[in-house]
Each structure stands twice: as C-alpha cells, then as structure tokens.
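Here, each number is a calculation from the coordinates, and none is a lab measurement. Quick caveat: nothing in here was measured; it's all calculated off a predicted structure. Please note: Cβ atoms are built from the backbone with ideal geometry, for glycine as well, and neighbour counts cover all protein chains shown.
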Amino acid sequence: MSHIPNLYSVESVTSGHPDKVCDQVSDAVLDACLRQDPRSRVAVECFGAAGLFVVGGEVTTGAVVDYEAIARATIKAIGYDEPARVIVSVVSQSPDIAMGVDTGGAGDQGIMYGYATNETPEFLQRGVVAAHALTRGLEALRRDGGVLWLRPDGKGQVTVENGEVRTVLVSTQHAADAGQDEIRRTIVDRLVRPLGLRSDIEILVNPTGSFVRGGFDADTGLTGRKIMVDTYGGFIPHGGGAFSGKDATKVDRSAAYMSRFVAKNIVARGDAKECLVSVAYAIGRAEPLMVSARNEDGRDISELARAFDFRPAAIIERLRLREPVFQGTASYGHFGKPGFSWEEVVV
C-alpha cells in the first residue's frame, strides 16, 4: 500500500510569500555565521508584518554578524522595499543544551522523517514536483521573463488523481493595472502549458480576482510556518520541527535531511519503490532511540536504514552540514533539488 493516496492536493509558495521571506532571512543569518565560524550554533527565527521585521533567537558563534543588514538585504533581493523598522533580539544559547551537544549528543528530543519514491526523477511525489514547478516558474517569469506586472507573493497548488495532475491553481500578486484576462492568459500560456501536463486539466488563476496587496502589506510572516511546503506536501508524517534558521546540531533539521538521504538511496538502489524512514532522539544523547523504515507495502525494512550512521556528529560529517548552503533550501522545498549533499545517491 503506497504512502500516497490516489487523490490528493499539494501546494507550494513563492519566495516572496511572507513566511518564506522569514525562512530565507533566518537561513541567511545561519549562512553568515557559518562562513566565519563553521562550528556556529544558531537558532534564529523571524517575524514580519507591515513595516516591521523582527529577528530573534539564540546563537553561539565567533562570527560578527549584522543581523539587520542581512534582513534588509535579503528582503530587498526578494523584490520588496526594505521594512521601515527592524528589531533584533539575539542572545547566547543555553549552556544547559550545550553540555550535551558538546559531546556529540542531539540538540533536542524529537522524531524526524524522510521519504522517497521512484515516481519521479526527483524521487518525490508528482504533485510536490509540479507544485514547486509552478511557483518557481512564477518567480522566473517575474525576474527573467519580462512579465513586469508580476509581484513577489504567490502560491501554486495541484490536485493529483491516480498519478496524473487533474487541477492546477495559481494565485499571484500583480500590479494594479494588470487585467485579469491578461493575467490568466500569461499564466496558462507561459507557466502551465510549458510544464507538459495533460491538455484537459482544469486551470484556476486568481480565483477571487484581484491580488494587488501582497507580502507583509497583506499578511504576517513567520519562520517555520510552511513545514509541509518544505517537505512532502502533508501526506508523509512530520515531527513538527521546522528547518530554517537552525544549524545542524539541531536534529530537527539534520536528522530530517539524513532520513531523506537514506530513503532516497534505498529507493535509488532498487530496494523499495517507496521508502519512509523515521528516527527519534533524546536531548544530549548521540545514539538515536529508534531508526525505522518501511516500504510501499508497509513491510519493515529497518535493517537497511540502520546500516547508516544516524548519530548527529556523523550526520554533520557525512552530509557536510557545516557549509553555508542553507539559504538555498529556504524556498521551493528542501528536497528534490540538485546540489545538496542529502540529495546525493551513493549506490
């Protein structure tokens, strides 16, 4: 029995969605710390609202970082005006946690999951791949495609039935003088049709009509509020811990990456068509409490997963997680994209 139902919907959001802006600033801070001090420990979260942006959290680092400058530069690069006010509240991490982490233990307790399927070349569900293609395509049209009325905020959603995309939904922020007929025509002809989907799919574009106000003018943003967009679309379990703004001693992030790495390699070498890996930790303890894996039939294949080393220090070394690569994960999903160590196939 597959982990994915025959009928499901899944969404993605653009890099200009308020929550994703916060994720990108959090990971930009992490990368800035790692560039100067690869052993930095970082737990930074952001909040954004109209005219206001807050950077808060805990760090242990030898890096000298201008948090406000990073926030302003990241927001501007995404395509928004800089916020009128930036508040920074970043303090040192708890020494109580450090006692366990210093000896190679997990930075927190919790359960993490990883998944892979042979359904697509990305080893992800077809719906997840299609949803991210929509939102990445929206950004490409805005930045490089000459569509001057597009604005940074937007969402994509697909409904999949029996492995085929049945419905596509695109909601995109736009300039006030852009007409809805032009918006629909452009999205259909230049975004949806080039994806090579069936010609008879239903295509919905800005169903409520006008979408002029977007970003922090229309919504708040918060780091870690798009955990299903970041992972597997909601049909694979999630331990609840967000990724962005956390260094690799936080198993919320590193163990989720390792679980994806293990699941993908099990599928890539033909040991399963689908693989769901789960791992559990106790704070301060290096050895995981549990490593489990199941295939598409629900059969226990945990012995295949246990051949990999899930201790936090071993994960950091194997996946090279002290490198400043994390801002690139903070939009369009953490999985299924080339160039990241946890996506490498080693069979």
For this session: Mind giving me the nanometre distance, one decimal, between the label points for residue 118 and residue 90, set 7 Å out from Cα along Cα→Cβ?
Result: 4.5 nm
Exercise. Can you give the net charge of the other residues whose Cβ lies under 13 Å from the Cβ of residue 345, counting K and R as +1 and D and E as -1?
Worked result: -1
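Multiply the residue separation of residue 220 and residue 8 by 0.36 nm, subtract the distance between their alpha-carbon atoms, and state the gained length in nm to one decimal. Intermediate results must be reported in sequence, preceding the final value.
On the way: separation 212, 0.36 × 212 = 76.32 nm, distance 2.76 nm.
Here the answer is 73.6 nm.
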Problem set entry | Separation between Cα centres of the range 103-119 and the range 62-93, rounded to whole Å | 29 Å
For this session: Sketch the reach of a paramagnetic label on residue 346 as a point 7 Å from Cα along Cα-to-Cβ, and name the residues of the range 273-307 whose backbone nitrogen lies under 19 Å away.
Result: 275-280, 287-288, 291-293, 302-307
Problem set entry | Estimated distance in nm for a label pair at residue 164 and residue 182, the labels positioned 7 Å out from Cα along Cα-to-Cβ | 3.6 nm
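Determine the dipole magnitude for the chain: charges of +1 sit on the beta-carbon of Lys and Arg, -1 on that of Asp and Glu, nothing else is charged, the reference point is the Cα centre, and the result goes in debye to the nearest 20. Numbers along the way, then the final one.
On the way: 38 positive and 45 negative charges, 59 e Å.
That gives the chain a dipole magnitude of about 280 debye.
Translational diffusion coefficient, Stokes-Einstein: compute it for the chain using the Kirkwood radius over C-alpha pairs as Rh, at 10 °C and 1.306 mPa s, and state it as an integer in µm² s⁻¹. Provide the component values of the computation, followed by the final result.
On the way: Rh = 20.9 Å.
Calculated translational D: 76 µm²/s.
Round to the nearest 0.05 the FRET efficiency obtained for residue 302 and residue 39 when R0 = 45 Å and r is the Cβ-Cβ distance.
On the way: r = 32 Å, r/R0 = 0.72.
Working from the Cβ atoms, E equals 0.90.
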For this session: Any chance you could check the Cα centroid distance between the range 20-44 and the range 220-262 for me, in angstrom?
Result: 15 Å
For this session: Using 0.36 nm per residue of separation minus the Cα-Cα distance, give me the extension gain between residue 287 and residue 212 in nm, one decimal.
Result: 21.9 nm
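Divide by every residue of the chain the summed helix terms, -39500 (n - 2.57) for each DSSP H run of at least 4, and state the resulting mean residue ellipticity at 222 nm, rounded to the nearest 500 deg cm²/dmol.
Numbers: 9 runs with 98 residues, N = 347.
For the chain, the value works out to -8500 deg cm²/dmol.
Quickly rank 252-263, 278-289, 220-231 as a protection proxy: mean count of other C-beta atoms within 10 Å, highest first. Before the final figure, lay out each step's value.
Values: 252-263: 27.0, 278-289: 18.8, 220-231: 21.1.
The packing order, highest mean first, is 252-263, 220-231, 278-289.
Taking the highest mean first, how do the peptides 301-311, 77-87 order by number of other beta carbon atoms within 10 angstrom per residue? Mind dumping the intermediate values first?
On the way: 301-311: 17.1, 77-87: 15.5.
Sorting 301-311, 77-87 by mean packing, highest first, produces 301-311, 77-87.
Full-extension gain between residue 175 and residue 314, please, as 0.36 nm times their residue separation minus the C-alpha to C-alpha distance.
Values: separation 139, 0.36 × 139 = 50.04 nm, distance 4.92 nm.
Gain in length upon complete extension: 45.1 nm.
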Exercise. So how far, in whole Å, is the C-alpha centre of the range 145-217 from the one of the range 272-287?
Worked result: 38 Å
